[in-house]
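Report on one structure; see the data block that follows.
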Amino acid sequence: MGIYLDYQSSKPVDRRVIDAMLPYFDEKFGNPSSLHHVGDVATEILEASRKTIGSFVGGKSDEIVFTSGATESNNLAITGYAMRNKNRGNHIVIAEIEHISIHNIAKYLEKNGFVVSKIPVDQFGLVTLEKLAERVNEKTILVSVGYANNEIGTIQNVAQIGAFCRERNIAFHTDAVAAEGLLLLDVEKDKIDLMTLSSNDLYGPKGLGVLYVRNGIRINPLTIGGGQERGLRSGTENIPAIAGMEKAVEIIQKEMPEETRRFQKFRDRVIKEVLGSIPKCYLNGHPTSRLPNNVHFRFDGIEGESLLLSFKEKNIAVSTGSACSSKTLEPSHTLIALGLLHEEAHGSLEVTFGRFNEDSDVDAFLDTLPAIVKRLRKLSPLYKEEV
Amino acid sequence: MKSTQYSDKVLDHFKNPRNVGTLKGDDVSVGRVGNPVCGDLMEFYVKVKDDRIEDIKFKTFGCGSAIATASMITELAKGKTVEEAIRITRQDVANELDGLPPIKMHCSNLAADALRDALTKHQKKQGPTKEQTTDSTVPGEIKGLSDFLNKGVFTEVANFSDFANKRSMVIDKGERSMEIAIELTKQTPRVIFATKMKQLPATEIADKLKKSPVRVLYESEVLEISGLNTVEKVIIHDLNEDEKYELFVDSVIVPA
């Protein structure tokens with residue numbers, strides 16, 4: 001497989017999680033809706049998982065709704081809340097750097113009579129209360145700001161935003177997918193009303209997500225059917241995945257402090273060495289309020305897909321915000337929101353560490369990067385001066 | 001097909017690009033196409049002797065296929081007559097490379113265009129020279145300038161520390177604007193200097209500016225300043241490419 005430094009895109013499922021899931025494919029295959037003993041076994045793990053995840057986020061088990069993934073959770077949170085509460089107002093506020101799913105949900109709602117305002121961020125990717133306050137009005141019913149950014153790793157002042165919204169009786173949704181497993185989540189302290197989680201980002205299986213819905217917060221379901229998940233998300237529960245996520249959370253709760261310390265060591269070493277050795281190279285995102293596993297650089301005169309391809313040659317998997325690697329040929333909207341020019345956004349390189357990285361992976365990355373940058377700059381008409 | 005799933009031939013040209021570099025001399029024509037705004041930039045240097053392409057070099061800023069297509073087209077063009085080389089299309093280049101991902105077809109388009117640009121310039125050199133018209137548009141007032149005066153737009157900087165960590169754009173109004181831009185870099189990592197000129201004058205202060213961390217946008221005109229209550233964005237017109245784009249900034253300084 002080579003060296004994998006792109007944990008924000010996908011994570012392998014932890015072996016211990018797979019072991020916890022296996023019995024639920026055959027031995028314990030029941031449907032929680034069945035009243036017999038086979039169904040009871042499924043109900044048991046469903047409720048145990050709900051309880052574990054509830055306590056993991058500082059909430060209660062009956063505030064946890066299982067979905068098919070983070071995208072569905074974002075849809076259920078924002079569209080579900082907007083539709084249910086439209087008699088109170090039609091205005092929603094999101095940040096410029098939200099995940100693409102939230103931008104597209106916002107577009108959908110705009111076509112359906114809602115007004116959406118976007119909060120610009122500062123050059124480090126932070127949403128400020130000042131800019132949020134400017135955008136809130138008497139029609140605002142919901143604010144959605146991601147806990148931390150999946151690309152540049154900037155961590156928001158979530159508690160501040162939560163308190164601001166609570167005082168004004170505005171619901172607060174946060175997409176916590178990039179932060180989960182790396183930061184301690186606490187829906188009480190941060191006054192979060194709706195929160196999106198994904199199972200894979202905790203080294204659980206794909207195809208499962210969670211929406212935390214605070215008791216008292218009313219949302220409309222988007223999937224109508226047999227009334228599972230308190231009617232908020234119908235469809236027979238994905239029990240093997242739910243069992244897997246339970247195990248994944250249990251592992252994270254035990255191992256997070258040690259794990260994040262390790263990532264942080266990797267992160268700080270890479271930032272220090274790269275900025276210290278490669279000219280015209282910059283760190284994107286916040287210097288301190290940053291996910292412990294995230295490194296995001298940009299290099300003058302280089303295009304990100306070429307960087308990525310060059311690393312691919314060496315069997316090292318990294319990521320970029322360059323337009324050339326995206327489906328739309330648009331550069332990352334997050335990087336543009338930081339105030340970067342298109343050509344700067346094109347030269348970006350993202351590295352995210354995870355559970356199975358070792359010091360030798362970091363060594364290999366640091367050994368490989370300088371020659372790649374040098375070669376691509378030699379080819380580049382935008383990098384003439386220093387060659 | 002994923003954007004990074006390339007044919008072996010594309011990967012070969014990406015890894016070992018042919019004819020990288022520049023050429024110098026009176027008989028060399030330079031073609032330049034693209035725009036960092038849309039992603040790619042390509043330069044071709046063509047040396048023509050007896051109507052045949054004797055030598056050709058390129059430089060490119062772009063993705064894997066941009067590099068590969070530029071490299072490929074140099075091989076295709078070398079030895080061909082100018083007329084033959086002008087007729088090379090993006091499809092020809094893609095075919096020679098055993099295909100490109102559909103989304104990448106614009107990149108090879110660029111290679112053919114850049115080569116054509118170089119060759120047309122060569123032909124113009126041969127033919128009667130035509131007087132180039134210079135841009136004579138009258139600079140108008142920047143939209144939003146007066147609305148945001150002292151709400152992110154400033155005509156002078158009294159206290160540089162007010163700009164701590166602000167993304168600041170300084171609009172070229174001569175030496176004072178250069179001084180301000182340089183001084184601001186002590187307060188914030190992000191200072192952008194927008195000038196309509198193709199290059200800065202050969203003065204001491206301009207030289208200092210070029211060596212400073214200030215990012216200079218040449219041939220750029222700020223058309224509009226926007227925001228909710230204070231400055232949040234500007235719209236910039238890239239005069240060279242005739243393209244408009246948005247840039248997030250916190251303040252704009254337009255020295256009087």
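Residue by residue, here is whether (1) aliphatic (A, V, I, L, M); (2) within 12 Å of chain A (Cβ to nearest Cβ); (3) under 22 Å from A:GLN123 (Cα atoms) holds:
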site	(1), (2), (3)
B:MET169	yes, yes, yes
B:GLY174	no, no, no
B:ILE182	yes, no, yes
B:PRO189	no, yes, yes
B:MET197	yes, no, no
B:GLY227	no, yes, yes
B:TYR245	no, yes, yes
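Among (1) assigned to a helix (DSSP H, G or I); (2) at pLDDT below 95, where does A:LYS272 come up short?
For A:LYS272, the failing item is (2).
Going by what's in this entry, would A:ASP201 be described as of a type in the set (Asp, Glu), more than 30 Å from A:PHE29 (Cβ to Cβ) and either away from chain B (no Cβ under 14 Å) or out of contact with any Asp or Glu (no Cβ under 6 Å at 6 or more places or on another chain) (or both)?
Considered against the rule, which asks whether it is of a type in the set (Asp, Glu), more than 30 Å from A:PHE29 (Cβ to Cβ) and either away from chain B (no Cβ under 14 Å) or out of contact with any Asp or Glu (no Cβ under 6 Å at 6 or more places or on another chain) (or both), A:ASP201 comes out as no.
Of the residues A:VAL136, A:VAL177, A:VAL121, A:VAL145, which is of a type in the set (Val, Ile, Thr), farther than 26 Å from A:PHE353 by Cα and touching a residue at least 40 places away in the same chain (Cβ under 8 Å)? Talk me through it step by step, then tell me what you get.
On the way: A:VAL177 fails: farther than 26 Å from A:PHE353 by Cα; A:VAL121 fails: farther than 26 Å from A:PHE353 by Cα; A:VAL145 fails: farther than 26 Å from A:PHE353 by Cα.
Every option except A:VAL136 fails the conditions.
Does segment A:366-387 hold any residues that are at pLDDT 80 or above, in contact with a Lys or Arg (Cβ under 6 Å, 6 or more places away or on another chain) and assigned to a loop (DSSP other than H, G, I, E, B), and which are they?
A:PRO381
Given the structure, is A:PRO287 in a loop (DSSP other than H, G, I, E, B) and more than 14 Å from chain B (Cβ to nearest Cβ)?
No.
Somewhere in segment A:252-261, is a residue within 19 Å of the chain's Cα centre (by Cα), among the basic types (Lys, Arg) and more than 12 Å from every other protein chain (Cβ to nearest Cβ)?
No: zero hits.
Working carefully through the options A:ALA241, A:ALA337, A:ALA248, A:ALA317, find the one that is within 14 Å of chain B (Cβ to nearest Cβ), more than 30 Å from B:LYS15 (Cβ to Cβ) and at pLDDT 95 or above.
Values: A:ALA241 fails: within 14 Å of chain B (Cβ to nearest Cβ); A:ALA248 fails: within 14 Å of chain B (Cβ to nearest Cβ); A:ALA317 fails: more than 30 Å from B:LYS15 (Cβ to Cβ).
Of A:ALA241, A:ALA337, A:ALA248, A:ALA317, the one residue that is within 14 Å of chain B (Cβ to nearest Cβ), more than 30 Å from B:LYS15 (Cβ to Cβ) and at pLDDT 95 or above is A:ALA337.
Only one of these conditions is not met by A:GLU350: (1) away from chain B (no Cβ under 11 Å); (2) touching a Lys or Arg at 6+ places or on another chain (Cβ under 7 Å); (3) of a type in the set (Asp, Glu). Which number is it?
Evaluating A:GLU350 over (1) away from chain B (no Cβ under 11 Å); (2) touching a Lys or Arg at 6+ places or on another chain (Cβ under 7 Å); (3) of a type in the set (Asp, Glu) leaves (2) as the failure.
Could you please let me know if B:MET72 is modelled with pLDDT under 90 and either farther than 27 Å from B:LYS244 by Cβ or in contact with a strand residue (DSSP E or B) (Cβ under 6 Å, 6 or more places away or on another chain) (or both)?
Taking the combined requirement at face value, the residue does not satisfy it.
Does segment B:201-217 include one or more residues that are away from every other protein chain (no Cβ under 14 Å), among the charged types (D, E, K, R) and in a loop (DSSP other than H, G, I, E, B)?
no
Just checking, how many residues over segment A:263-283 are surrounded by fewer than 19 Cβ atoms within 10 Å (Cβ to Cβ) and more than 14 Å from chain B (Cβ to nearest Cβ)?
Residues meeting the conditions: 10.
Taking only segment A:284-298 into account, find how many residues are surrounded by fewer than 18 Cβ atoms within 10 Å (Cβ to Cβ) and out of contact with any Ser or Thr (no Cβ under 7 Å at 6 or more places or on another chain).
Number satisfying all stated conditions: 2.
Of the residues that make up segment A:83-99, is at least one modelled with pLDDT of 95 or more, more than 14 Å from chain B (Cβ to nearest Cβ), under 30 Å from A:PHE297 (Cα atoms) and touching a Ser or Thr at 6+ places or on another chain (Cβ under 6 Å)?
Yes, the conditions are met somewhere in segment A:83-99.
The values are calculated or read from the model by the stated rules, or taken from the named source; none is laboratory data. Computed from a prediction, not measured in an experiment: that's the story for all the values here. Heads up, the Cβs are rebuilt from the backbone with ideal geometry, glycines too, and the neighbour counts pull from every protein chain shown.
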